[in-house]
Amino acid sequence: MEQHVTIADLEDVRAFAATLPPKFRRCRDIGHNMGPYDAYALEGGGYERVLRCRSCTTKKYQELDTDFAIVRTSYEYPKGYTSEPGTGRIDRDGRCIFRGANLLADIEMLNQRERKH
């Protein structure tokens with residue numbers, strides 16, 4: 001049975017992107033900067049590893065088997081990182097909105113820095 005995936009409307013993505021702090025927008029654009037946060041052996045074998053984004057604090061949980069193969073992965077996002085339920089999946093065009101907002105902000109920041117020198 002094929003499941004239909006709803007794609008987020010681009011105007012909804014633009015409105016959502018405008019509400020995000022820059023650190024959230026950057027992670028949605030170029031990806032998380034994950035580092036070790038926690039790790040432990042699981043009762044019955046295997047391990048759990050928790051990685052945390054150095055920028056936005058998203059946590060990535062990985063359950064590993066005894067051979068260290070990834071069995072399950074899940075994420076815990078900080079408040080305000082995700083869009084409203086039912087918005088739909090943010091596709092390539094939607095991600096371009098985050099990228100464009102970041103690039104324009106970067107250009108402005110670099111221009112301001114240049115004017116100070």
Single unsatisfied condition, GLY100 versus (1) open to solvent by 70 Å² or more (accessible area, probe 1.4 Å); (2) closer than 20 Å to ILE7 by Cβ; (3) not hydrophobic (A, V, I, L, M, F, W, C): (1)
Only one of THR87, THR58, THR73 that is touching an Asp or Glu at 6+ places or on another chain (Cβ under 8 Å), among the β-branched types (Val, Ile, Thr) and at pLDDT below 95: THR87
Checklist (1) touching a residue at least 12 places away in the same chain (Cβ under 8 Å); (2) closer than 18 Å to TYR77 by Cα applied to GLY46, failing item: (2)
Of all residues in segment 36-95 being open to solvent by 70 Å² or more (accessible area, probe 1.4 Å) and β-branched (Val, Ile, Thr), the one that is farthest from ASP12 (Cα to Cα): THR66
Tally of residues being loosely packed, with under 12 Cβ neighbours inside 10 Å and either at pLDDT 95 or above or not in a loop (DSSP other than H, G, I, E, B) (or both) across segment 1-14: 1
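The values are calculated or read from the model by the stated rules, or taken from the named source; none is laboratory data. Being a predicted model, the structure only gives us computed values, none of them experimental. When we count neighbours, we look across all protein chains shown, and the Cβ atoms used for this are built from the backbone with ideal geometry, even at glycine. Surface accessibility is based on the protein's heavy atoms, side chains included, excluding ligands, DNA and RNA. Shrake-Rupley method; radii C 1.70, N 1.55, O 1.52, S 1.80 Å.
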